[in-house]
Amino acid sequence: MNTKISQVIKELFGHDTEVKLTRPDPQFGDYATNVAMQLAKPVGKNPREIAEAIADKLRESGDFTEVTIAGPGFINLRVAAKGIATSLNNDWSDSYGGNNDGADKTVIVEYPSPNMAKPYSIGHLRPGNQGWAVKRLMEVTGWSVVTDNHLGDYGAPFGVWVVGFLEYSSVQQLEKDGVYELGRVYIETKKALKDEQAAGESILSSQVQEWLLRLENGDPEAMDYSRRFNAISLEHIHSVMSRLGISTDHELGEAFFAPKGKLAVQKLLHEGVAVQNLDGSIIVPLDDFGFDVPLLVQKSNGAALYATTDLATILYREETWRPDRVVYAAGSEQQFYFSQLFAMAKKLGINTELVHLWFGMIDQTNEDGTREKMSSRKGVVLMEELLDMAEQKARAIVDGRDISEEDIKKIAVGAIKFSDFAADRRTNILFDWDSIFALTGFSGPYIQYAAVRVNKILRDVGSVESADDSYDYEAEKAVLLKVLEYPDVVRLAARDLEPHKIATYLYELAREMNRYYEVTRVMDASDSERAARIAVLQKVSHVFTHGLSILGIEIPSQM
Ligand code: ARG
C-alpha cells in the first residue's frame, strides 16, 4: 500500500519518499498518511494541493475504495478487503513477520545472570524474560546472536558461604536442602557479621577475607568448596531456567573473567587509561565522559571487583565474537554502574554498541492496598515457589478439564511471562495473580486461548480446497488489516528493544479474532467461503505462534 503511494509521489513530484501509514479511527478510513505535509517544503506547494494531486492519482489506480482529504492535508484511504488479502498474499512467506535488518551483524545478549549459591529468586525473572525476548527479536530480524549467562559466581559471598557452612551447617544438611541451605546459611552469616561489626569485633569477617584470599590463590580446600557450592547452584539455576524455557549458548561467569581482569587492569595502567592511587587501588577517571566519580577497577589489597570482571568480559567478547552490539539484561539499580562501564569501554577505543537492557521492579499490592516491591514472608520470592503456585493457578483455570501436565505448565509459564510485557519494560509492573490469569483481558492465558482456538479450527477442518477467487474477504477485513501490521510491529520492537510491543499487538489480534468469531461462522460456511476463511486463519495462527515465540511463550495444544 505504501509503495503504491511512493510510486505516485515519484511520478508526480520526482521525489523518493518513504510513506508512513497510520491507522485512523475506522470512521475515517483504514489508513491515513501525512506525507503531503512532509512534502510541502521540498516540493514548494501547499500540503492541501499536494494531497489533492496524490488523491486523484490514487483514485484512478482503482486500488482504493475511498480516498479523502482531511484537515490541512491528511490523506485517508479505504481499501477493498480483497485488496488487503492480495497484499498479504504477496508479502507472505514461512518467516512472515521477520526480516533481515540485522544481516551480517552480530549481537551478544546476556541474561539472566543470576548469582550463585542463592536460590533463584524473582529478582532474576525479568532479566530472563526480557533477555530472551530480545534474543528472539534479534534472531527474527536476521542478526547472528550469541547468548551468555554471566553468572555471579565470584567475590565476597564465597567467603561468607565457607565461613557460614563451617559455623552453621553440615554436609548432611547441604545434601538435603541444597541451594536452599546455602541461601539460609548466607543470610544467617550475614546477620552474624553485622552483629559482630556492631560489637566492634572482626573474627568472622577476617575469616571471610582469609577464605577469599585462599580462593584467589588457588588453595585446594577453597577450590573444593567453591566447586561444591557451584555445582549445587548450577544444577538449581539450570532447572529453573528450563522451567522458564530459557537457555544460553555460553555460561561464562565472573569467576571465568576474574583472572583475566588483573591482566586487563595492568594493560590499562600501561596505556595510561587507569591510574593507581597512593593506597594501591586502581581507578579509571571518567571526567572526560561527564562522570565526577571514577570507576574503581582494583581494590587496594589487589582484589578484583565487579568492574574488573566486566572489563575482562568486554575485552574477551571483542576478541572472541567481534560483536556489533552487546545487550546486558540487568536491573535498573545498575544503571549508573553500566553507564560508567560503557564510558570506560569508549575510553579504551571500543566502539561496539553497548546496551543496558534495564527494567522496572516487580511490585505487589498489600492487603491495605498500598504497593511495594514484591516479597514473601520469608523475604525474597523464590522462583520455584512462584512457578509451583502458577501451575496451581493454571490448573484452576482449566477447571477439571482433561488438560495435559505439559499444557498446564505452558499456561503457567505463559501467564507469568506475558505479565512481564504488560508495559514498557522500564515501568514497574504489578504482580497480581488474578489479572495474570484472567481469561478476559491483557493476559497470557487470554492470548494462548485465542491461539488454541484458531489452531483447533484448523485441526478440525482438515484439508480444504483452495480459496475461491470471487470471495470478497469483507468479513475478514479487520483481521487482515491487523495481520498486515505485524511485520512493522516486529521491526519497531526490534529497533527499540521493546518486546512489549509484540505483546500489545498480540492482545489486539486476539481481540480482533474474538470479534470475528462473534459474527462469522467458519466451520459451517459454504465450501468456497470456508476455504478462503481457513486460509486467513492459517495466517493468524502463524502470527500467534511467531509473536508468542518471541516472548518465549508456548501455545498449549488444548486449554
Ligand atoms: N549477576 C548480576 C546481578 O544479579 C547481573 C550481571 C549483569 N551483567 C554484567 N555483565 N555485569 O545483579
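Note on the range 314-340: residues that are within 11 Å of the ligand (Cβ to nearest atom) and open to solvent by 40 Å² or more (accessible area, probe 1.4 Å) total 2.
Scanning the range 129-173 for residues that are farther than 30 Å from G98 by Cα, among the hydrophobic types (A, V, I, L, M, F, W, C) and open to solvent by 10 Å² or more (accessible area, probe 1.4 Å) yields A156, F158, W161, F165, L166, V171. Going through (1) over 30 Å from D279 (Cα atoms); (2) open to solvent by less than 30 Å² (accessible area, probe 1.4 Å) one by one, E353 falls short only on (2).
Confirm whether G97 is under 30 Å from A475 (Cβ atoms), touching a Pro at 6+ places or on another chain (Cβ under 9 Å), at pLDDT 95 or above and crowded, with 21+ Cβ neighbours inside 10 Å. Against the criterion (under 30 Å from A475 (Cβ atoms), touching a Pro at 6+ places or on another chain (Cβ under 9 Å), at pLDDT 95 or above and crowded, with 21+ Cβ neighbours inside 10 Å), G97 qualifies.
Scanning the range 461-481 for residues being without any contact (Cβ under 8 Å) to a residue 40 or more places away in the chain and buried (at least 21 other Cβ atoms within 10 Å of the Cβ) gives a total of 0. The condition (being without any contact (Cβ under 8 Å) to a residue 60 or more places away in the chain, away from the ligand (no atom under 16 Å from the Cβ) and open to solvent by 70 Å² or more (accessible area, probe 1.4 Å)) is satisfied by just one residue among K260, K191: K191. Of the residues in the range 388-397, at least one is open to solvent by less than 70 Å² (accessible area, probe 1.4 Å) and acidic (D, E). Residue by residue through the range 69-102, note down the ones that are among the polar types (S, T, N, Q) and part of a loop (DSSP other than H, G, I, E, B). Once the filter is applied, which keeps residues that are among the polar types (S, T, N, Q) and part of a loop (DSSP other than H, G, I, E, B), the range 69-102 yields S93, S95, N99, N100. Count of the range 263-272 residues, restricted to those that are touching a helix residue (DSSP H, G or I) at 6+ places or on another chain (Cβ under 9 Å) and either touching a residue at least 60 places away in the same chain (Cβ under 8 Å) or charged (D, E, K, R) (or both), is 2. Inspection of the range 174-187 finds a residue satisfying the criterion of being assigned to a helix (DSSP H, G or I), open to solvent by less than 70 Å² (accessible area, probe 1.4 Å), over 28 Å from I246 (Cα atoms) and away from the ligand (no atom under 16 Å from the Cβ).
Once the range 140-160 is narrowed to residues that are away from the ligand (no atom under 16 Å from the Cβ) and either not in a helix (DSSP H, G or I) or not β-branched (V, I, T) (or both), the residue that is farthest from I246 (Cα to Cα) is G159. Once the range 103-124 is narrowed to residues that are part of a helix (DSSP H, G or I) and either modelled with pLDDT of 95 or more or open to solvent by 30 Å² or more (accessible area, probe 1.4 Å) (or both), the residue that is nearest to D496 (Cα to Cα) is H124.
In the range 236-253, the count of residues that are acidic (D, E) and modelled with pLDDT of 95 or more is one or more. Kindly provide the set of residues from the range 501-558 that are open to solvent by 30 Å² or more (accessible area, probe 1.4 Å), touching a residue at least 12 places away in the same chain (Cβ under 8 Å) and in a loop (DSSP other than H, G, I, E, B), ordered by number. Within the range 501-558, M523, E554, I555, S557, Q558 meet the criteria. Only one entry of V284, V293, V240, V275 meets the criterion of being in contact (Cβ under 8 Å) with a residue 24 or more places away in the chain, of a type in the set (A, V, I, L, M) and surrounded by fewer than 16 Cβ atoms within 10 Å (Cβ to Cβ), and that entry is V293.
I need the full set of residues from the range 33-57 which are within 21 Å of G83 (Cβ to Cβ), surrounded by fewer than 19 Cβ atoms within 10 Å (Cβ to Cβ) and either in contact with a His (Cβ under 6 Å, 6 or more places away or on another chain) or touching a residue at least 40 places away in the same chain (Cβ under 8 Å) (or both), in order please. Hit for the range 33-57 is K57, nothing else.
The values are calculated or read from the model by the stated rules, or taken from the named source; none is laboratory data. Fair warning: this is a prediction, and the values are worked out from it, not measured in the lab. Reconstructed Cβ throughout: ideal geometry from the backbone, glycine too, with neighbour counts over all protein chains shown. All accessible areas refer to the heavy atoms of the entire protein, side chains included, with ligands and DNA or RNA removed. Shrake-Rupley method; radii C 1.70, N 1.55, O 1.52, S 1.80 Å.
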